[in-house]
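Quick notes on the structure that follows.
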Amino acid sequence: MSEHRLRVRADAGERAAIGQLAPDAGGTNGTSHRNRSEESTAVDAVLARIVWCRLIEPGDAVAGALIEALGAVPALEMLADADAVRRLSEAAQSAGIDVTRRALSAAISRWLPRLDRAATGGDLSRATAAGLRVVTPESPEWPASLNDLGVHAPQLLWVRGDASTLARAGLAVVGARACTGYGASVTADLVDSAASAGVSIVSGAAYGIDAVAHRTALAAGAVTIAVLAGGADRAYPAAHAQLLDRIAADGVVCSEMVPGAAPTRWRFLQRNRSIAALASAALVTEAGTRSGSLNTAGHAAELGRDLGAVPGPVTSAASAGCHRLIREYGATLVSNAEELREFLRVESASGQLVNELSTRQSAAHLRVLDALPLRGSRSAEDVALAAGLDVSETRAVLAELELLGFAVAAHAASGRAHWRLVRRA
């Protein structure tokens, strides 16, 4: 292995590039109060994550567990060691990571052929030329909702546009690429309604439903976020280059893949997990039984996100996937703007999204909010039963939600407190 492959710490050129790509790490924006040693450590950590982005495919749980437990730099240093299997295996065992030596050896065999520092230098150059920025889990702009993916979370995001909008992803809208006129029409109507209520839209910038969702959000002046399966500097599909430029101008285009990376079938499927994780809720507006958007819906359900689906004609194969989500997976049926506002817990077209702050709330908060009825009230015991939590924890969460202004207690005739959602005007 050549010498440049073994070096982990950033050199002067890499440090300058990272100063542009991640100014909060490099301290070049004039707001950092860290000393030179702290800045150097932060830059090395960003560089290590950039290297890891080249080594692994999205969703690699072995890499995710190692980096989470050991740190990006130490894990990379051990990987570059001649005795990588032993060092990483011992470190994993000490850190309590549940990974076998065989699985670790197989993972290292996948990663090592891509360990090329010169190629990483090319990634930095392409990112700088394309005007990209890097957002890591240590960045203030990192969307905390992605952490719900655990060891499957992206190592970082390459972004084009306003990275601060990532934390504002409200509704994921997905569906078939080969959508019908009905699918395009209903998507436009519902996205326009959500945008009018101040809800931001996240999708994948593909043909069909994705493109309709993005274009409608842009027309309504709403924030929209495009999550790509290839590099953030690479327009895919090529016909959407202008659309992606418009999204980057008013929202953000992002990807976990290194600049220039080609989208693959696996990367599309893994991209869907990020779409689901970024948003507070997911809506499938038209999908056949084999549509990739059902994969996004599956991720949303696993993450505890609210899931909605739009019904279509019973004779339409293009809506069969939506019907299955409603029938078999408990998706909320959404057929018009009023039902969408109820699904999103928006009181009126000019109202506020009740779960607007859900990306910053704990899982317990979300489960209790979901357990409170849209109309009427419930006792803490009934809320606990619906949320699948114990009563004492539920009471504590309800008290927190009352302080945050999301729930309120009212005493029933029995003397027991009943809780209801706060309607926000």
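Of note:
- Of the residues making up the range 219-238, those that are at pLDDT 95 or above and outside any loop (DSSP other than H, G, I, E, B) are 224, 225, 226, 227.
- Any chance residue 176 is crowded, with 24+ Cβ neighbours inside 10 Å, part of a loop (DSSP other than H, G, I, E, B) and in contact (Cβ under 8 Å) with a residue 60 or more places away in the chain: yes
- Residues of the range 20-38 classified as modelled with pLDDT of 80 or more and either closer than 17 Å to residue 126 by Cβ or part of a loop (DSSP other than H, G, I, E, B) (or both), total: 3
- Scan of the range 150-162 for residues that are buried (at least 20 other Cβ atoms within 10 Å of the Cβ) and either basic (Lys, Arg) or outside any loop (DSSP other than H, G, I, E, B) (or both), ordered by number: 157, 158, 159, 160, 161
- Scanning the range 291-347 for residues that are crowded, with 24+ Cβ neighbours inside 10 Å, assigned to a loop (DSSP other than H, G, I, E, B) and modelled with pLDDT of 95 or more gives 310, 334.
- Pairs meeting the criteria (first residue in the range 39-59 and assigned to a helix (DSSP H, G or I), second residue among the basic types (Lys, Arg), beta carbons under 6 Å, at least 6 apart or on different chains) are 43/15; 44/9; 54/114; 55/114.
- Meets criteria (surrounded by fewer than 18 Cβ atoms within 10 Å (Cβ to Cβ) and charged (D, E, K, R)) for residue 101: yes
- With respect to being modelled with pLDDT under 95, assigned to a helix (DSSP H, G or I), at negative phi and crowded, with 22+ Cβ neighbours inside 10 Å, residue 213 falls outside the description.
- Just one of the listed residues (364, 410) is surrounded by fewer than 17 Cβ atoms within 10 Å (Cβ to Cβ), out of contact with any Leu (no Cβ under 6 Å at 6 or more places or on another chain) and within 19 Å of residue 305 (Cα to Cα), and it is 364.
- Residues considered: 161, 170, 131. Of these, the only one that is in contact (Cβ under 8 Å) with a residue 12 or more places away in the chain and touching a Ser or Thr at 6+ places or on another chain (Cβ under 8 Å) is 170.
The values are calculated or read from the model by the stated rules, or taken from the named source; none is laboratory data. Here the structure is a predicted model, which means the values were calculated and not measured. No Cβ is skipped: glycine too gets one built from the backbone with ideal geometry, and neighbour counts run over all protein chains shown.
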